[in-house]
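Asks: My structure is below; once you've seen it, I'll send some questions.
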Amino acid sequence: MIGTILGDIIGSAYEHKPIKTTIFDLMSEASRFTDDSVLTVATMDVYLSGLSFTQAYQQYTLNYPHRGYGSSFNLWVHHRESKPYNSFGNGSAMRVSPIGWLFDTVEEVLSEAKRSSEVTHNHPEGIKGAQAVALSIFMARKGSTKDEIRQVITKTFGYDLNHTIDQIRPYVGFDVSCQGSVPPAIIAFLDSTSVIDAIRKAVSLGGDCDTQAAIAGGIAEAFYGPVPKQLYDQIIMTTLAPALHQKVLAFYDRIKQPLYIQPTKEKQ
């Protein structure tokens, strides 16, 4: 989930200023955490505090307004509606990463991802996007290879993942649907060499790049392991709201995972 939040913060500066290169500054004055981070932490809090998904998503959005939430989602939150609105937007996929870490069977991961999605995004494509991301994270942390992840996600969800970032980059536009943004984000991970490389590749697609980078970064962390402490300090510690950070700490303690890795000391 650190990878998710890193991707969100790094991608936020380029969401409305799309770039088609992997060479860019990771932080700028425009960098901030957006709805991707807020709702990812809200998903964590469902399992930390016993909130329902509806309660968590509405409460966290009201606590952190003006973070780029979609218009239909905002209406759902502020009208305190409890009914889903048949969305196939990528909001279901951007917030699901904790589920890929918390459960230990494919069946549990798919069931919980569906449950987290359908409180708002009950369209089949919305559910599919959340399940695809959660299952990718689950497989990555369990030691699956990239080829295995590619094959299972393709077979299970019908996504076309048989392209490289360079091949799809010219054709990716601003698309907030699951079917338009989840496959490119997964390809960014599959084509990467590290967490940051996955995030850079996702941002380089343009489009809804903070969400694409959040998805790619979340899967990449599960595959490559924790990010360096310097990166964590530079981006997470300086940008994420302290109350959100505390929930992240509590969740990582729950799943017994390190937040970052310390730099290795060179031998004298």
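Asks: Scan the chain and report its longest stretch carrying no GluC sites (Glu not before Pro) that are both in a DSSP loop and have at most 10 other Cβ atoms within 10 Å. Please report the intermediate quantities before stating the final value.
Replies: Details: sites that count: GLU29, GLU266.
Longest run free of exposed loop sites: 30-265.
Asks: Also, quick follow-up: Which one of GLN234, GLN58, GLN179 has the biggest mean-square fluctuation once the chain is modelled by GNM with Cα springs under 10 Å?
Replies: So, out of GLN234, GLN58, GLN179, the one fluctuating most is GLN234.
Asks: Return ARG169, ARG200 ranked ascending by Cβ neighbour count within 10 Å, so the fewest neighbours appear first. Can you show the working numbers first?
Replies: Working: ARG169 20, ARG200 24.
Lowest to highest Cβ neighbour count: ARG169, ARG200.
Asks: Moving to a separate point now. By per-residue mean of other Cβ atoms within 10 Å, what is the highest-first order of 30-37, 5-12? Could you put the intermediate results ahead of the total?
Replies: On the way: 30-37: 22.8, 5-12: 29.5.
Highest to lowest by the protection proxy: 5-12, 30-37.
Asks: Okay, next question. Loop-only trypsin sites (Lys or Arg not before Pro) in the stretch 48-113, please: DSSP not H, G, I, E or B, and at most 12 other Cβ atoms within 10 Å.
Replies: Numbers: sites: ARG67, ARG80, ARG95; in loops: ARG67, ARG80, ARG95.
Listed in order of number, the matching sites are ARG80.
Asks: Same structure, new question: Between THR193 and ARG80, how high is the FRET efficiency from 1/(1 + (r/R0)^6) when r is the Cβ-Cβ distance and R₀ = 51 Å? Nearest 0.05. All intermediate terms of the calculation are to be shown ahead of the outcome.
Replies: Working: r = 45 Å, r/R0 = 0.88.
In this case the efficiency is close to 0.70.
Asks: Shape of the chain from its Cα gyration tensor (a ≥ b ≥ c, root eigenvalues): rounded if a/c is under 1.5, otherwise prolate when a/b > b/c, or oblate? Kindly include the intermediate steps, with their values, before the conclusion.
Replies: On the way: a/c = 1.24, a/b = 1.13, b/c = 1.10.
Rounded, because the longest to shortest axis ratio a/c is under 1.5.
Asks: If you take every residue apart from THR4 with its C-beta less than 11 Å away from the C-beta of THR4, what net charge results, scoring Lys and Arg +1 and Asp and Glu -1?
Replies: Working: positive: ARG95; negative: ASP8, ASP36, ASP210, GLU221.
Computed value for this residue: -3.
Asks: Tally Lys and Arg at +1 and Asp and Glu at -1 over the other residues with C-beta under 13 Å from the C-beta of VAL248: what net charge comes out? Provide the component values of the computation, followed by the final result.
Replies: Values: positive: LYS247, ARG254; negative: ASP8, ASP45, GLU221, ASP253.
With Lys, Arg at +1 and Asp, Glu at -1, the neighbours total -2.
Asks: Additional query: Of the chymotrypsin sites (Phe, Trp or Tyr not before Pro) in the stretch 129-225, which ones lie in a loop per DSSP and count no more than 15 other C-beta atoms within 10 Å?
Replies: Values: sites: PHE138, PHE157, TYR159, TYR171, PHE174, PHE189, PHE223, TYR224; in loops: TYR159, PHE174.
Within the stretch 129-225, the qualifying chymotrypsin sites (Phe, Trp or Tyr not before Pro) (loop, at most 15 other Cβ atoms within 10 Å) are PHE174.
Asks: Using helices alone, I'd like the mean residue ellipticity at 222 nm for the chain: each DSSP H run of four-plus residues gives -39500 (n - 2.57), total over residue count, nearest 500.
Replies: Values: 14 runs with 153 residues, N = 268.
Dividing the helical sum by the residues of the chain leaves -17000 deg cm²/dmol.
Every read-out reported here was derived from the displayed coordinates using simple, explicitly stated rules and does not represent laboratory data. Everything numeric in this text was worked out from a predicted model, so none of it was measured. Cβ atoms come from the backbone with ideal geometry, glycine included; neighbour counts cover every protein chain shown.
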